[in-house]
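Everything below concerns the one structure shown next.
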Amino acid sequence: MTLTTQQSKEAEIGKKANHLVLVVTNDTIDKVYPPMILATTGAASGMDVDIYFTFWGLKLLDKKGQTQTKIASVGNPALPMPNIMGMLPGMTAMATKMMKGKIKKYWPTIPEMMQQAKDMGVRFHACSPTMGLMGMTDKDLIPLTDSICGASTFLDWATDPNSVTIFT
Amino acid sequence: MLGTSLATTDAKPAMVLDTKGLLCPAPVVKTSQAVKQIQVGDVLQVLATDPGSKPDLTSWSRMTGNELLSVTEDGGSPKVYTFLIRRMK
């Protein structure tokens with residue numbers, strides 16, 4: 001690499017967003033791994049990372065719900081079975097078991113991945129209106145939670161020109 | 001320091017990181033952790049089988065300002081990619 005390209009690369013780094021804001025609105029396996037992968041990769045790439053957990057996504061910060069992540073067997077055309085079978089009792093549990101078994105070979109579990117992200121400096125935020133809706137208090141949140149906040153805080157991060165916001 | 005970055009690409013690695021069999025984000029996350037364990041100016045060798053690791057570690061190097069000295073791939077199945085990355089800061 002020549003000195004000139006090295007300098008132009010550095011100029012390019014200066015122009016890029018360095019704050020990653022992720023919004024997790026659901027707690028199914030397919031809606032949680034992608035943001036956790038982006039979060040850990042962002043932290044590994046020197047970005048500041050904030051994750052906002054809202055609606056069912058907030059279950060990931062709930063002491064009672066964190067390990068119960070499932071995959072939907074209804075309304076999920078990607079599963080290798082007719083959709084109507086997904087309505088049968090036990091199908092969600094079966095699809096979840098199969099998917100988790102497959103995932104285990106390659107990735108950490110979601111709680112492990114959240115701990116890894118935390119160790120890398122990723123910050124976790126609980127949506128305050130969702131907490132109200134679900135009757136949760138700060139005592140219900142796992143210790144990894146950094147703050148409880150609402151839409152204004154989120155918009156404060158999202159409107160920063162150095163940030164990029166992704167909904168999953 | 002910049003002088004050393006312009007040197008040969010057959011630099012001897014100070015550390016070898018084996019991520020064979022692991023998928024994204026493991027090669028990038030483990031590389032970012034390993035590069036902190038070597039000295040500035042030293043070279044990290046990373047082995048990976050994830051086909052995404054080639055564009056991903058190229059992007060990671062650019063984003064973090066570390067220097068990707070070389071990427072080579074063997075003819076095996078799965079293909080093994082070998083990266084040489086110099087810690088720049």
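Are any residues in the range A:13-51 open to solvent by less than 10 Å² (accessible area, probe 1.4 Å) and of a type in the set (Asp, Glu), and if so, which ones?
Once the filter is applied, which keeps residues that are open to solvent by less than 10 Å² (accessible area, probe 1.4 Å) and of a type in the set (Asp, Glu), the range A:13-51 yields only A:Asp50.
Only one of these is within 14 Å of another protein chain (Cβ to nearest Cβ) and of a type in the set (S, T, N, Q): B:Thr72, B:Thr82, B:Thr64. Name it.
B:Thr64
Restricting attention to the range B:27-67, which residues are more than 23 Å from B:Lys79 (Cα to Cα), polar (S, T, N, Q) and part of a helix (DSSP H, G or I)?
Selection gives B:Gln33, B:Thr64.
B:Val28 passes all but one of (1) free of Cβ contacts under 8 Å to residues at least 40 places away in the same chain; (2) open to solvent by 60 Å² or more (accessible area, probe 1.4 Å); (3) in contact with a Leu (Cβ under 9 Å, 6 or more places away or on another chain); which number fails?
Exception for B:Val28: condition (2).
Which residues, counting only those in the range B:31-60, are closer than 13 Å to A:Gly46 by Cβ, more than 9 Å from every other protein chain (Cβ to nearest Cβ) and buried (at least 19 other Cβ atoms within 10 Å of the Cβ)?
If the condition is that a residue be closer than 13 Å to A:Gly46 by Cβ, more than 9 Å from every other protein chain (Cβ to nearest Cβ) and buried (at least 19 other Cβ atoms within 10 Å of the Cβ), then B:Val35 is the only one that fits.
The values are calculated or read from the model by the stated rules, or taken from the named source; none is laboratory data. Owing to the predicted nature of the structure, the values given are computational and were not obtained by experimental measurement. Glycine also receives a Cβ, built like all others from the backbone with ideal geometry; neighbour counts cover every protein chain displayed. These area figures cover heavy atoms from the full protein model, side chains too; ligands, DNA and RNA do not enter into them. Shrake-Rupley method; radii C 1.70, N 1.55, O 1.52, S 1.80 Å.
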